[in-house]
Amino acid sequence: MKIPTLLSLFAACFVAGSANIEENVGQFFSSGHTNNWAVLVCTSRFWFNYRHVANTLSVYRSVKRLGIPDSHIVLMLADDMACNHRNPKPATVFSHKNMELNVYGDDVEVDYRGYEVTVENFLRVLTGRLPPSTPRSKRLLSDDRSNILIYLTGHGGNGFLKFQDSEEISNVELADAFEQMWQKRRYNELLFIIDTCQGASMYERFYSPNLMALASSQVGEDSLSHQPDLAIGVHLMDRYTFYLLEFLEDIHPASKANMNDLFKVCPKSQCVSTPGHRTDLFLRDPGSVLITDFFGSVRKVEITTETISLTDPIKQVEEIAVHGEQEKETYSYVDQLPVSEIIHQKPKQKDWHPPDGFILGLWTLILLVFFKSYGAKHLKHIF
Amino acid sequence: MRYVHDLQLLVTLTHPKDDFQEELVIRPLQSGDVYASFQFRTLWETDFMKGNKVSHYRLFPKSLGQVISKFSVRELHISFTQGYWRTMQWGQPFMPSPPGAELWVWFQDSVTDVDGTWKELTNVLSGIFCASLNFIDSTNTVQPSASFKPLGIGNVTDHRFLRYATLPREIVCTENLTPWKKLLPCGSKAGLAVLMKSEKLFHSSFHSQAVHIRPVCQDSECTTTSWELRQTLNVVFDLHTSGQGKREWSLFKMFSRTLTEACPLASSSKIYIDITDNPQVSFLHNILSLKIQAVVLGDRRTFSVYDLTEANTFGSMRSLNLLIRWKSSEGDMLRPLLHAERYVAGYGLQTGEIHTLMYNYHPFRSFPILLLDSVPWYLRLYIHTLTVTSKGKDNKPSYIHYQPSKDRVRPHLLEMLVQLPPNSVTEVTVQFERALLKWTEYTPDPNHGFYVGSSVISALVPSMVAMDTNNTKERPLFSSFFPCKEESSYFVRIYTEPLLVNLPTPDFSMPYNVICLTCTVVAVGYGSLYNLLTRSFQIEEPNPRLAKRIANVIRRLRGVPPLA
């Protein structure tokens, strides 16, 4: 059993070493995924949580820049900061002070916003159990060859993440949701990044294969925010995501940076908290996993040499309306406020009530029966 | 003869049946602000309804075409607005819209389950426009019985097929503008749409974007219909925040862009500047502009027209930047004839009163208005307290339609046809009681308050100037939205302010406090009782203190008896 595999390996090496293009092909198919998805969630409401929205939007921006299209990104923002009345510069969300970088941009599509960002909707998006009328842009239509990036940010604690100040998701629920995704073959590999206080507690309970997780702080530590902007009046970003954004700005779609570089982002000297990661459930070695496997959308192109002959273009068969023979119906615009028509409008069908005489008769019957059975002497108490 | 006939048929077949026009109207306002209104209209002669699967979309966006054919929509009007239109300072808008999101739809006669189709339609539209329109359900949908007649052509109006809903809390931001711009044939790459930069558009007092789909007449005989899609964007730039206090506006100052070309797919691309109040319009180079007069909103106004499809509009610089300067003293603003306000009166968290005031500023004419009020179920209206008074006297409406609410199922609907006497204020008051919601029904920020949608007032206002009733003549788009049936009056729709009411809100931190308090009381109360009952007392020699012990030691040394 071993010798044939060794021989085939040798043969493969020879073939691989022969041409450069073969090497690249080998690199292509080492990850095994064919499409990329991203689910980016900001769970905090209110103006003073501006930094959480800025966190999510900076990851959104990087992911879009590296190639994942809007149709493959599910962006959930729990509150609107850009057009908030307290924002001195409307339609902008800045990540660097002195308003250097507008991460909101001009081309942004938010799929879940405001009150729609709830634990139930988040879990439904992950597991795919959405009502049938949900539009495509709000669904995570991943399959078993999708690499998914999940980014959560907000306020959290030991074992939970707070959604919109009114509910929370626990690490057990999250782990179970990922297991459901695994069993329904909804992902090939999944990268989970969380930037909250005590974020490492959220990935402690994972048990499904092919999961890699990163967190901004360990249990018992708080994740801190980076810098305030005096004109806007709030903290703009959290430290971990700030340095993550700086790291991702250097990545381009053809970059060969791997996960070990990502684990080194924001050491304790810069972040004050200790970022953590978990790779024991991941089958491949993190050193061989490219950043663009999750953050970018590398399309695999297969070059073929066979020729395909195109057919002649299909002629549109126009339906020629038969004019003249048919009687033409003249249309007209409707009167916008037809006063006389409205006044004489038939009233709508009211709910049916029994006729008044019936009710009167019913009460008379009840009274008669009462006095018959209990005697007429009670009558004098009433009249 | 036959060959000529065939040739004619061939010509009509190859002639494109869709048409796209774009225009921008800039009107300087009396208060120093500037009102800019974009309108994009696509006309398409096609039939979505007769079962033909339309597959070749050219100028008409495919996403909306599929919505129309799948849900058998006859008319669709959706608007997203940020800010409130101040009628008394700015006059009447070309396209009125309430704050938040508003959606009203007329379905075709062939739809059997209107409510189910409505629910699916709102979900699909929430995906197209990136808005949370999926919150529209039976608790905020009403079926008006006399308002919102179809704006397109049609012979039958059965109000069973009409649905109306508003979401006053809906936020409008770049994420709504992005898909809206993608519906345009040229996108935001060419034509007037290059001016739409979100950083400037949302830094304004009023911003409203809307999509209107309706069937219209193709020609004056009106035997064939075509589908019209209008996308409108109305912005009012503030004198002080965007204008730095000067009544001097240019295209570059308003939009931070200049125009370089018209949309190649547009058959007409024009800019109209309202020069009735004599503002000075200047530009970088000499271009001739046409002056036209148009009757819009009951007033004859003069506009200066710049045609972008002509190459010489852009001159040698290949860009167009117009500068408008005007003084505040010139020109008298025509006071709008109809104005409405609404507010909540009362105190406390139990009862209140809604007051709606309608002002008729015409000196001698009275006219009827149709008031539509849709109040959520958690404000329980007491209709027996409804009063309508004008000039102190009772004014009985000629038509009242009231549908009571059902808790958690449907809202109140009140429609009244009221005749407003000339030069008067009409006040409609109704008392209500606030309901206590279940704890799961509160929003995550319940102390902000709960919104009540704007009232809608539809009226035929007498016009000072004869209106143009020929609906198919070539007219600027901004004057041809509401169909005009008679010359002496024009149709307006006014929206009041939305209301923000506080409902009695429980303190959501109470469960934690209750647990702490209960545990403390139980521990202290039960603990002490237990100790009292089970503790037994033993007499014990106290351990002598250190000083006493040392004293005892010294005493023992001395041979004297120790202390007690």
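Nothing in this text is a laboratory measurement; each read-out follows from the coordinates by a stated rule. This structure is a prediction, so every number in the text was calculated from the model and none was measured. Neighbour counts run over all protein chains shown; Cβ positions are idealised from the backbone, glycine included.
Mean partner shielding of peptide B:453-462, defined as the number of other chain Cβ atoms within 10 Å of each residue Cβ, is 1.
When DSSP assigns beta bridges and you keep just the ones with both residues in the stretch A:33-287, what percent turn out antiparallel, to the nearest 5? The answer is about 30 percent antiparallel. Listed by chain and number, the aspartates and glutamates whose alpha-carbon sits under 18 Å from that of residue B:548, ignoring those within fewer than 8 places in the same chain, are B:540.
List the pairs from B:197/B:253; A:89/B:253; A:64/B:182; A:64/B:200; B:246/B:327 whose alpha-carbon separation is above 20 Å, in the order I gave them. Pairs exceeding the cut-off: A:64/B:200. Each peptide in B:505-516, B:54-65, A:32-43, A:304-315 was scored by the mean count of other Cβ atoms within 10 Å over its residues; highest first, the order is A:32-43, B:54-65, B:505-516, A:304-315. Straight Cα distances below 12 angstrom link residue A:138 to the aspartates and glutamates A:70, A:109, A:111, A:116, with same-chain residues fewer than 8 positions distant left out. The stretch A:256-299 and the stretch B:212-266 have Cα centres separated by 48 Å. I'd like the antiparallel share, as a percent to the nearest 5, of DSSP beta bridges with both residues in the stretch B:18-325. Percent antiparallel among DSSP bridges in the stretch B:18-325 is about 95. Think of each Lys and Arg Cβ as +1 and each Asp and Glu Cβ as -1; about the Cα centre, that makes the dipole of the stretch A:33-287 roughly 320 debye. Of B:552, B:480, B:171, which is farthest on the positive side of the dipole of chain B, counting Cα position, with +1 on Lys and Arg Cβ, -1 on Asp and Glu Cβ, and the Cα centre as origin? My answer, from the dipole projection, is B:552. For the stretch B:95-203, a simple Cβ point-charge model (Lys and Arg +1, Asp and Glu -1, everything else neutral) yields a dipole of about 500 debye relative to the Cα centre.
Note on the stretch B:338-501: lysine pairs with Cα distance below 29 Å, sequence gap of 8 or more or different chains, count 4. Phi angles across the stretch B:165-175 convert, under the Karplus curve 6.51 cos²θ - 1.76 cosθ + 1.60 with θ = phi - 60°, into 3J(HN,Hα) values of 8, 10, 10, x, 8, 5, 8, 10, 8, 4, 5 Hz, Gly and Pro given as x.
May I ask for the net charge around residue B:170, where only other residues with Cβ less than 14 Å from the Cβ of residue B:170 are counted and Lys, Arg are +1 while Asp, Glu are -1? Net local charge, residue B:170 excluded: -3. As an exercise, identify the trypsin sites (Lys or Arg not before Pro) in the stretch B:438-506 lying in DSSP coil whose Cβ has no more than 11 other Cβ atoms within 10 Å. Passing both the DSSP loop test and the Cβ count: B:438, B:473. Shown in residue order for the stretch B:348-365 are the 3J(HN,Hα) couplings computed by the Karplus curve 6.51 cos²θ - 1.76 cosθ + 1.60 at θ = phi - 60°: x, 10, 10, 10, x, 9, 9, 10, 10, 10, 10, 9, 10, 9, 6, x, 9, 9 Hz (x for Gly and Pro).
Partnerless cysteines in chain B, where a partner means another cysteine C-beta under 4.7 angstrom, comprise B:130, B:484, B:516, B:519. The peptide list B:230-243, B:305-318, put in order of mean Cβ contacts within 10 Å with the highest first, becomes B:230-243, B:305-318.
The alpha carbon centroids of the stretch A:59-89 and the stretch B:140-181 are separated by 28 Å. Charged side chains reduced to their Cβ positions (Lys and Arg at +1, Asp and Glu at -1) give the protein assembly as shown a dipole of some 2700 debye around its Cα centre.
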